[in-house]
Each structure stands twice: as C-alpha cells, then as structure tokens.
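Here the structure is laid out as structure tokens; the discussion comes afterwards.
The values are calculated or read from the model by the stated rules, or taken from the named source; none is laboratory data. Not measured: the values here are computed from a predicted model. Backbone-built Cβ (ideal geometry, glycine too); neighbour counts: all protein chains shown.
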Amino acid sequence: MQSTPPAVPLPPGFRWPDGIRAAATFTFDLDAEAAMLADHPSTAAYLDTMAHQRYGPRTAVPRLLRMLDRQGIRATFFIPGWVAEQWPAAARSIRDAGHEIGHHGYLHESVRGLDEAAEERALVRGFEALDAVLGVRPTGYRAPSWDLNWRTPALLAKHGFRYSSNLMDADHPYRLAVGPERGAATLIELPVHWALDDWEPYNYLPGITGTGVILSPAVVLARWTLELEALAAEGGLFNLTNHPFVSGRASRAVALEQLIERARAIDGMWVASCDEIASWAATLDLPPVVHEPPVLPDRDVVPG
C-alpha cells in the first residue's frame, strides 16, 4: 500500500509501519466521581456534582461503545482503580468490547507532593483494583491530570509498564529513559497536549472547574480536525483525550464520531489503540530521551 510521505523529516530512528504515514489514537479517561473527589473531597456531599460525574459510566459509556463499534476501532480507556470498583459493570463492558484498559491511578490522585512510598502505594492499589474487577494488568499509564514527579518513570518501569502517555514535548512516540544513567530502562512515551483534551473546551462545574465558557461541538470539532490534519501531514501522532462524562454527551459524541470518520478517511492514517502504537514504537531503534531537572541559577547574582 502506498501513502503520501510526511511533509517534514521524521525524528531519528522513527518510522511508521509500511504504508502508514501517521497515526491517531482515541483515548478515554473514565474518571467518574474520582475526578472531583481527589481534588475536591467536599464534593462528596453534593448530589448535583456526583450526578454530573456519574453521567460517564451510567449514560456515556454505552453510547461511546456503540459509536466505537460502528466505527470499527479499538480505543484505550484509562480507568482509576476506585472507579472500576464503584462501576464494575461499566468497566467490564469496556473490557468485553475489546478495548484496551490503561492505569489511571487509584482515586485519580495527583502524585505532586507525595513521597515515593505514597506514590507507589497509589500505583499498586490501582493495579490491585483493576485486577480484582477486570482481571487485567495494564501495560500503559496515564497519570491523573498528567502530573508526574521526576521519579515517576522509574516507578513505572519497576512495575512493568511498557508505555506512558503523559508528556508534551514531542509530536511522535519516543523512547523515554527513566533516569540519566547510561543503559537506564526505557518506556515508550505517547505524547499528549492540553489542546487535545475535551476538559478545557467543554467541562464546567460552578465554583469547581472551568470558566463557564462552554464551546459548541462544531467549534471543538473544527479545532481538533485542524490538528489531526496538520499532524497527518507531518507524520505525527494524534493522541486525543476524552472523558466520558464530558464528550459522551449526545451532540459531543456525534462530533467525536465525525472526527473519527475524518481520521479513518485520511490516506495512510493508522487508527489504533495506545498499546498497539507503543508496541510498534518499541520495535524501533530509537535514541533514548533523558529528562533531568533544570539547574536553577544563583538568584543572588544580578545579571550585568
């Protein structure tokens, strides 16, 4: 199969499978109530807020699964362990439809400010919940709110993850070194970005999150289509993050299906789950990218 080559050179060592020019992955963070409870525990007392979040597993997941089935694509659902425990039927319906299950913390807790032991406990507890409810051991990790510590990649490698989908420094999958040492373990990183997240344009809870400016699905579809087509031209990875309680609402789900249809219609576009894309990238001889904390200048020194 022939496809149009990318408009710019690909990163060193990187290529797509034969006949493929770019890739798109459609992902869903099934946060349900956990998205509020972790950062705003007082919302546990608010029926309105909890019902807003429960739209995801109660109403949106069935709609999204029907849509994905119509489109014939395999998606990735990142599920906090607590959500799997609270909504086992919804979680199992995703697994039984053949979609990938990824790790998304336990109670959607940010790891910022946690010591290493506490961060590892949350990671392990998420594993245990997904195993108990779904009988799966995820190979991919998406941090709640994409919050990472410098030590997080090493913890992921320690617990057998093959890929991460959290960083915003590239347009293509790359090999992420978990430390600066020569020969350090690596993960495949599937980059993301806030502009390809439905939370910012759609989500609003008074006094809790959002600005109150809720965009039309037509506007969001146009925005995402521009990025999809630009990344396709450059041979990149379009990695879209959705939340069922956000993008699973009726008109938004229609717009999302139109976006998927557009992706499938692009010559040479590979629409796949995160684990499929990460597995391909892992076969390549990619130079490891090492991230290290910046060294701050002496603040007592005044530039001349």
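Quick look at the numbers
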item: Residue list for region 202-234, restricted to those being polar (S, T, N, Q) and in a helix (DSSP H, G or I); result: Thr225
item: Residue, farthest from Leu130 (Cα to Cα), within region 37-71, restricted to residues that are within 20 Å of the chain's Cα centre (by Cα) and not in a helix (DSSP H, G or I); result: Asp39
item: Hits in region 164-176 - residues which are within 11 Å of the chain's Cα centre (by Cα) and assigned to a strand (DSSP E or B); result: Ser164
item: From Gly235, Gly248, residue being more than 19 Å from Thr139 (Cβ to Cβ) and in contact with a helix residue (DSSP H, G or I) (Cβ under 6 Å, 6 or more places away or on another chain); result: Gly248
item: Hey, Ala91 in a helix (DSSP H, G or I) and either at pLDDT 95 or above or not small (Gly, Ala, Ser) (or both) or not; result: yes
item: Test: Asp298 is without any contact (Cβ under 8 Å) to a residue 60 or more places away in the chain, surrounded by fewer than 13 Cβ atoms within 10 Å (Cβ to Cβ) and charged (D, E, K, R); result: yes
item: Extreme residue, surrounded by the most Cβ atoms within 10 Å (Cβ to Cβ), among residues of region 14-32 that are assigned to a loop (DSSP other than H, G, I, E, B) and among the aromatic types (Phe, Trp, Tyr); result: Trp16
item: Scan of region 251-295 for residues that are assigned to a loop (DSSP other than H, G, I, E, B), of a type in the set (D, E, K, R) and closer than 25 Å to Thr4 by Cα, ordered by number; result: Asp267, Asp285
item: Count of region 135-162 residues which are in a helix (DSSP H, G or I) and within 13 Å of the chain's Cα centre (by Cα); result: 3
item: Selection from region 98-134 of residues that are assigned to a loop (DSSP other than H, G, I, E, B) and either touching a residue at least 24 places away in the same chain (Cβ under 8 Å) or buried (at least 18 other Cβ atoms within 10 Å of the Cβ) (or both); result: Gly98, His99, His104, Gly105, Tyr106, Leu107, His108, Glu109, Ser110, Val111, Arg112, Leu114
